[in-house]
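For reference, the structure is listed below as structure tokens.
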Amino acid sequence: MVLPGVYAPQEDTALLADALRREVVSPRTRVLDVGTGTGVLALTAAMQGAQVTAVDVSRLAVWTARLNARLARTRVRVLRGDLTAPVAGRTFDLVVTNPPYVPSPARTAPRRGRARAWDAGQDGRLVLDRICGDVPRLLEPGGVLLVVHSALSGVRPTLARLRSAGLTAEVTERRRVRLGPVLRTRRTWLCSRGLLSPDGQTEELVVIRAERTR
């Protein structure tokens with residue numbers, strides 16, 4: 001179910017779900033889904049048998065994820081709040097996130113509306129950088145972060161920030177997809193920023209896997 005105003009799962013969600021299914025998960029695995037949206041990733045982990053907590057800042061998303069968990073007859077704890085704030089002080093074995101990452105002409109992220117699910121400042125990193133800073137302290141030793149975003153937002157900065165936080169990090173998945181309607185409307189601006197070539201029709205999605213080894 002996708003309630004009006006909630007971001008519908010796209011190819012980035014599917015790519016991250018594939019990566020999630022390849023992780024070793026048991027009934028004792030504690031999973032956190034940051035920015036859950038409709039709850040697809042949280043449900044994927046729950047169906048693998050994990051103990052799952054999901055967080056989203058949007059009330060509509062929280063209601064949608066709770067509804068989808070009930071419809072799927074899976075147990076997922078869904079909390080409302082800003083990124084990792086609702087789980088401060090807790091630790092997890094696995095964190096998954098499909099955060100807002102689309103570069104936008106606006107310098108700040110929107111505070112409301114559907115665009116809040118994708119717009120992330122002029123470099124697309126307003127939320128990504130916060131995740132790279134916040135998540136490492138939530139991971140148990142041996143814990144894993146799986147994050148998906150567009151290469152337009154910069155892959156090297158994500159790897160560098162995660163490694164500087166003491167995690168091992170690498171790109172484990174890549175997929176070329178056609179530009180969606182939001183990026184198509186921003187083609188001229190993206191080209192002026194050097195993020196897209198004038199004849200570019202696709203973007204690259206990446207999944208980064210980062211592990212806390214100590």
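Structure summary
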quantity: Residue 85 paired with residue 10, simple spin-label distance in nm, labels 7 Å along Cα-to-beta-carbon; calculated: 2.6
quantity: Efficiency of FRET between residue 73 and residue 164 - r from beta-carbon atoms, R0 41 angstrom, step 0.05; calculated: 0.45
quantity: Hull volume in cubic angstrom per residue (convex hull over the Cα atoms of the chain); calculated: 108
quantity: 222 nm mean residue ellipticity, helices alone, for the chain (DSSP H n ≥ 4; -39,500 (n - 2.57); rounded to 500); calculated: -8000 deg cm²/dmol
quantity: Net +/- balance of residues flanking residue 113 in space, Cβ distance below 15 Å, scoring K and R +1, D and E -1; calculated: +3
quantity: Where labels lie 7 Å past Cα in the beta-carbon direction, separation of residue 22 and residue 156 in nm; calculated: 2.5
quantity: Within the chain: Cβ-based charge dipole about Cα centre, in debye rounded to nearest 20 (Lys, Arg +1; Asp, Glu -1); calculated: 480
quantity: Backbone N under 20 Å from the residue 184 label point (7 Å along Cα→Cβ), restricted to segment 195-214; calculated: 195-205
quantity: HN-Hα J in Hz across segment 129-136 - Karplus 6.51, -1.76, 1.60, θ = phi - 60°, x for Gly and Pro; calculated: 5, 5, 5, 4, x, 8, 5, x
quantity: Debye, to nearest 20: dipole size of segment 6-120, +1 on Lys, Arg Cβ, -1 on Asp, Glu Cβ; calculated: 520
quantity: Sequence ranges 78-88, 25-35, 103-113, ranked by mean other-Cβ count within 10 angstrom, highest first; calculated: 25-35, 78-88, 103-113
quantity: Cut-off 15 Å between beta-carbons: net charge of the residues surrounding residue 132, Lys and Arg +1, Asp and Glu -1; calculated: +3
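All of the numbers you see were taken from the coordinates with simple rules; none came from a lab. Because the structure is a prediction, the values reported are computed rather than measured. Cβ sites come from the backbone with ideal geometry, for glycine too, and all protein chains shown count toward neighbours.
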